[in-house]
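This report concerns only the one structure given below.
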Number of protein chains: 2
Amino acid sequence: MSRPTVNDIAREAGVSLATVDRVLNARPGVRAKTVSAVQDAVARLGYVRDMAAANLARQRRYRMVAALPDGDSQFVETLAEALTEAAQSAVTARMELEITRYPAEDAHALAALLGRMAPQDVAGVAVMAPETPVLRDAIRGLKSKGIPVIALASDLPSTERDHFVGIDSRAAGRTAAVLMGRFAGAASGQILAVAQSMQLRDAIERRRGFDEVMLADFPGLEVLPTLETHGSDATLRAVVTEALRHARDVRGIYLLGAGHRALAATLADLGLTGRFVVIGHELTPHTRRALLAGHIDAIITQNLGHLARSTLRVLRAKADHAPIDEAQEQLRVEIVLRENLPPDQ
Amino acid sequence: MSRPTVNDIAREAGVSLATVDRVLNARPGVRAKTVSAVQDAVARLGYVRDMAAANLARQRRYRMVAALPDGDSQFVETLAEALTEAAQSAVTARMELEITRYPAEDAHALAALLGRMAPQDVAGVAVMAPETPVLRDAIRGLKSKGIPVIALASDLPSTERDHFVGIDSRAAGRTAAVLMGRFAGAASGQILAVAQSMQLRDAIERRRGFDEVMLADFPGLEVLPTLETHGSDATLRAVVTEALRHARDVRGIYLLGAGHRALAATLADLGLTGRFVVIGHELTPHTRRALLAGHIDAIITQNLGHLARSTLRVLRAKADHAPIDEAQEQLRVEIVLRENLPPDQ
DNA sequence: AGATTTATGAGGTACGCACCTCATTTCGCG
DNA sequence: CGCGAAATGAGGTGCGTACCTCATAAATCT
């Protein structure tokens, strides 16, 4: 009736509790034959370890670290908040999460930070950073110490990261494109693409997905070369103003990265508010307000709460050398309009 | 350093462990002054009960029941699957979920089912059913026995249900409307609305939200009176064919309930596939295929995995008389297009 | 003040599991 | 066959909490 316990397994397998324990925890000193006898009993009874009791007994604490770039990015702030919140409900699972900031763009500082970590006090690390050779080496160093590493929000595929938690940027770009094409509702015209920098993997991937769909499904709409703002509002204003002067039939603006506020201000000053379909990424307080104000038509985003919880689950699984339920960790590409904007908090 | 335990509380409050236990578990026989002394200590030390250990010791099992309508609804099937899956990972939390089916449309059968439940073997009930006086009484009965009840997917606001788990149908309808209006991309025309029955609260609410947005933002588009199919494919075919004959400028079809397959077949037979914007609700294997095939342009849905997990969390909280984290239980109105269709499973 | 009720303390057992020690059995091998 | 090594058993302790009993202390009433 009730769930079988280790004692039931011992009885069923005809061995002692000590042996069951040795097998379950992969401790040495058990003959192969005995191991399989125990495993058979486990399978037969459908035993599942009571993780709560196991953790209680194990008395182990998991100190995880998340390394996020410093700076004033709303996305990073929102992500940090989500992580903090997720960490709170993870205390019951004996997990703690320390959120560390490193100077953005400073790969060496990040590498130094990661280099200082020791397996005895860090059970796993989540890193959000652009891919650089320096970081690649730092991650290799962590791995060689036996510390699991996962990439957060932005993937690091060429490194030895154990996992990536975040959405597929290309799929996000494709989704943005469908909405752009259908909302624009025009057979022809031009689309402005604006990004912080086309060096960032996310922006590249989004643009790629965007182009794929635009070319295939909305061939009449021409997506102009990506304008780069380098994180400066002034630059954004300048390049967008310039682009709008030249391109006379612009139907939409695709914001691959940040800059929603600067764009809204620029369009307002040009008296063009509401004239284009504007589609952006990531739901933050800024983009939320922009959606409500009608300055943005749609936001393609991921649920940061899920992302945060997934991060902790994956870190934990990696620390325990346990398998990951890929299906559960799959994050959806979400579409947010004013009408389905989730309530704040 | 580590989390404080009940022993720390006892020491801090200057009382014995037994008294701390009495206070924490709201057992009688403690003076008000002592109670607050303990509570102060809890607050001072920031004690949080180790739920894992508590449940282990409590040795309590939570048997929950979900009552779903019988029949061949894909939505109900998918929901049942999600509940089953969520229940599997809830065994660690000592919860079991029994999914019971009752004859759809038979409020008395459901009421009888609920009436048989006793507090000693049922810790909480989730009900998905239309609101009827019979059900209202049955829920009142459960509540008087001390069994918490929550409404699943479809709300029962006029009953004494403890909670509703599901999305706001009106918001879902509003979202459908924005997409319809923008995808249709026409200043004028007509929209067909098709529902199983306009007796169902969900359909009414969706239609209300849909109308609100259409009237306000797309005044040129006229939403025709809802066609009712009563769950019959033949009826759907008949009423839609008839409606399309009369209305000459139809731009879109809004499916408030089930019937995606019948609609696709009907449109195919009329040679009208792809001529209208089709928007529906709830992601199921059927609607997934329809999206992929291009028979549907968008699906407004809720994440059934979240719904299922939320259901269990809320039931548990209610059974424990614990507070609910409203923010976490908030389900989002999700928009699914072909491009952001989540991978199957 | 004495009797009675009410609060509190002390201490134990259990939950399912991890992890330890030490004795005993079984195995492999020369 | 005998020996050392490897495998296994028996039994204990502790994790943080619930819940129980019984004794004792304190408050309350007459």
Scope segment A:3-20; condition assigned to a loop (DSSP other than H, G, I, E, B) and near DNA strand D (Cβ under 7 Å from one of its atoms); matching residues: A:GLY14, A:VAL15, A:SER16
Residues being of a type outside the set (Ser, Thr, Tyr) and in a loop (DSSP other than H, G, I, E, B) - total across segment B:272-298: 10
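What residue, of A:GLN120, A:GLN74, is touching a His at 6+ places or on another chain (Cβ under 7 Å) and more than 16 Å from DNA strand D (Cβ to nearest atom)?
A:GLN74
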Segment B:129-142, residues that are crowded, with 22+ Cβ neighbours inside 10 Å and either outside the structural domain of B:SER310 (by TED's automatic domain parsing) or part of a loop (DSSP other than H, G, I, E, B) (or both): B:ALA129
Exclusive hit being of a type in the set (S, T, N, Q), more than 16 Å from DNA strand C (Cβ to nearest atom) and either surrounded by 12 or more Cβ atoms within 10 Å (Cβ to Cβ) or touching a residue at least 24 places away in the same chain (Cβ under 8 Å) (or both), set B:THR84, B:THR19, B:THR5, B:THR34: B:THR84
Any hit, segment B:106-116, residues being more than 16 Å from DNA strand D (Cβ to nearest atom), within 17 Å of the chain's Cα centre (by Cα) and surrounded by 14 or more Cβ atoms within 10 Å (Cβ to Cβ): no
Qualifying residue in segment A:67-74 (condition: more than 18 Å from A:LEU315 (Cβ to Cβ), in contact with a strand residue (DSSP E or B) (Cβ under 8 Å, 6 or more places away or on another chain) and touching a residue at least 12 places away in the same chain (Cβ under 8 Å)): yes
Selection from segment B:310-341 of residues that are surrounded by fewer than 19 Cβ atoms within 10 Å (Cβ to Cβ) and at the interface with another protein chain (Cβ under 7 Å from one of its Cβ atoms): B:ALA327, B:GLN330
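Taking the conditions exactly as written (within 14 Å of another protein chain (Cβ to nearest Cβ), within 30 Å of A:ASP50 (Cα to Cα) and free of Cβ contacts under 8 Å to residues at least 60 places away in the same chain), does A:VAL122 satisfy them or not?
no
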Residue among A:LEU270, A:LEU291 that is within 27 Å of A:GLU205 (Cβ to Cβ) and either touching a Phe, Trp or Tyr at 6+ places or on another chain (Cβ under 8 Å) or in the same structural domain as A:SER188 (by TED's automatic domain parsing) (or both): A:LEU291
Residues of segment B:21-37 satisfying the condition of being closer than 16 Å to B:ALA57 by Cα and either in a helix (DSSP H, G or I) or more than 42 Å from the chain's Cα centre (by Cα) (or both): B:ASP21, B:ARG22, B:LEU24
Segment B:247-258 residues that are touching a residue at least 24 places away in the same chain (Cβ under 8 Å), paired with ones that are of a type in the set (Gly, Ala, Ser) and in a loop (DSSP other than H, G, I, E, B) (beta carbon under 8 Å, 6 or more apart): B:ASP249/B:SER188; B:ARG251/B:ALA186; B:GLY257/B:SER197; B:ALA258/B:SER73; B:ALA258/B:GLY231
In segment A:290-306, the residues that are of a type in the set (A, V, I, L, M, F, W, C), away from every other protein chain (no Cβ under 14 Å) and buried (at least 20 other Cβ atoms within 10 Å of the Cβ): A:ALA290
Residue check for A:ALA32: at pLDDT below 90 and of a type in the set (Gly, Ala, Ser): yes
Candidates A:ALA238, A:ALA258, filtered to the one that is part of a helix (DSSP H, G or I), small (Gly, Ala, Ser) and farther than 27 Å from B:LEU341 by Cβ: A:ALA238
Scan of segment A:143-177 for residues that are more than 16 Å from the chain's Cα centre (by Cα), surrounded by fewer than 23 Cβ atoms within 10 Å (Cβ to Cβ) and not in a loop (DSSP other than H, G, I, E, B), ordered by number: A:LYS143, A:SER144
Among residues of segment A:277-289, those that are more than 11 Å from chain B (Cβ to nearest Cβ) and surrounded by 23 or more Cβ atoms within 10 Å (Cβ to Cβ), counted: 6
Identity of the residue in segment A:41-63, in a loop (DSSP other than H, G, I, E, B) and either in contact with a His (Cβ under 6 Å, 6 or more places away or on another chain) or within 11 Å of another protein chain (Cβ to nearest Cβ) (or both), that ends up farthest from DNA strand D (Cβ to nearest atom): A:GLY46
Scope segment B:264-321; condition under 27 Å from B:GLY189 (Cβ atoms) and among the basic types (Lys, Arg); matching residues: B:ARG275
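The values are calculated or read from the model by the stated rules, or taken from the named source; none is laboratory data. None of the values given here were measured: they were computed from a predicted structure. No Cβ is skipped: glycine too gets one built from the backbone with ideal geometry, and neighbour counts run over all protein chains shown.
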